[in-house]
Amino acid sequence: MSKTLRILVIGAGQIGSRHIQALASIPDVGEVVAVDPSPESRERAALRWRDVPGHEGKRLEVVAGMDQVGGSGFDLAVLATNAPGRLEHFRRVVARGIRYVLAEKLLFQSVAELEEALDLCRTAGVSLYPNYVYRYASPWRLLSDRLNGKAFEMRVVAGDIGLATNLPHWLDLFEFLAGSPLSELSIELTRPAYPSKRGGGLLDFSGSAAGRANSGASLSLSFADGVGVPVATIATADGNWILDEGASTIAGSLAEAGMHLEMPMVSRITALAVPDILAGRTVLPDLLATASMNRLLLVAAGRALYGTVQRDTIIPIT
């Protein structure tokens, strides 16, 4: 990148303010405009911006609404709100001529919303990238290279820490490792859905999920009992890796000396992802590449929650 970048961030809460910290550390970023209706979020974002070495010489403007955002010429937008209302935010971003977008998950809450977003990307020439942070964390890129299309079974076990909240990350990671799209997905709840800790009428649930990729790789997840953090086992005909997020360890017959497991931090990952997106070298999938998986997730979650799901059924998870 050779130009000074201007970035728009919609949503400056806990996650959005971490994106803002990352932007403060990118040398080519010159100006960030952040939008959030909450005074507390705006103040926290400004404080976190000032905490980052490298913010000096850059400009941060934090405003309450999009009507206070002046001018055009933004190089990229970050959508860091929860899923409700995200399509409307995306429409506004597209209307301003912004062609690159990094978005938090769940991307959209119905198949109809997802399809409208796809149409916007096609007609306006916009590239929308979900912020699937595991793709930039160790050792997942290395394991993707090691697997290189081999058949494998992936099992993820955790406590009741929110299957709905965690599913988008793990489903994308499975596709990344398989090098192949998800072709089927089912979800089974172990007890009724409950209010998400994120509030806003959102739901979460405990239970299990099972999926398969076109390559033949298989996935099972169980987020059901206790508060344990995920342990992922990836088994091939040659052996296995066991990745324990709680202990930050990698074990198993295929584990190699020097392998380490890191928790993906938004404030670090965004600093890598934004330059890569603008340079055309990102490992993140665009919306077209991830749409099939997101559609399967919406349908499977809708069936688990309601028994049936229509094209315009809102699935209140994020």
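For this structure, a couple of remarks:
- The range 7-66 shape via C-alpha gyration tensor axes, a/c threshold 1.5: prolate
- Selection from VAL229, LEU143, ALA117 lying farthest towards where the dipole of the chain points positive, charges on Cβ: ALA117
- Seen against the Cα atoms of the chain and their longest principal axis, helix 266-279 is set at about 70 degrees.
- Cβ-placed point charges (K, R +1; D, E -1), dipole of the chain about Cα centre in debye, nearest 20: 460
- Peptide packing for 48-56, 210-218 was compared via the average number of neighbouring C-beta atoms within 10 Å per residue; ordered from the highest value, the list is 210-218, 48-56.
- For the range 268-318 versus the range 24-84, the inter-centroid distance based on Cα atoms is 24 Å.
- Correct choice for Cα extents along the principal axes in Å that was computed from the model, options (i) 62, 47, 38; (ii) 55, 48, 37; (iii) 62, 50, 39: (ii)
- Taking a ≥ b ≥ c as the square roots of the Cα gyration tensor eigenvalues, the range 102-234 comes out oblate, since a/c reaches at least 1.5 and a/b does not exceed b/c.
- Modelled FRET efficiency - R0 30 Å, TYR306 with ASN214, Cβ distances, 0.05 increments: 0.60
Every read-out reported here was derived from the displayed coordinates using simple, explicitly stated rules and does not represent laboratory data. What you see is a predicted model, and the numbers here were worked out from it, not measured in a lab. Here the Cβ is made from the backbone with ideal geometry for all residues, glycine too, and neighbour counts use every protein chain on show.
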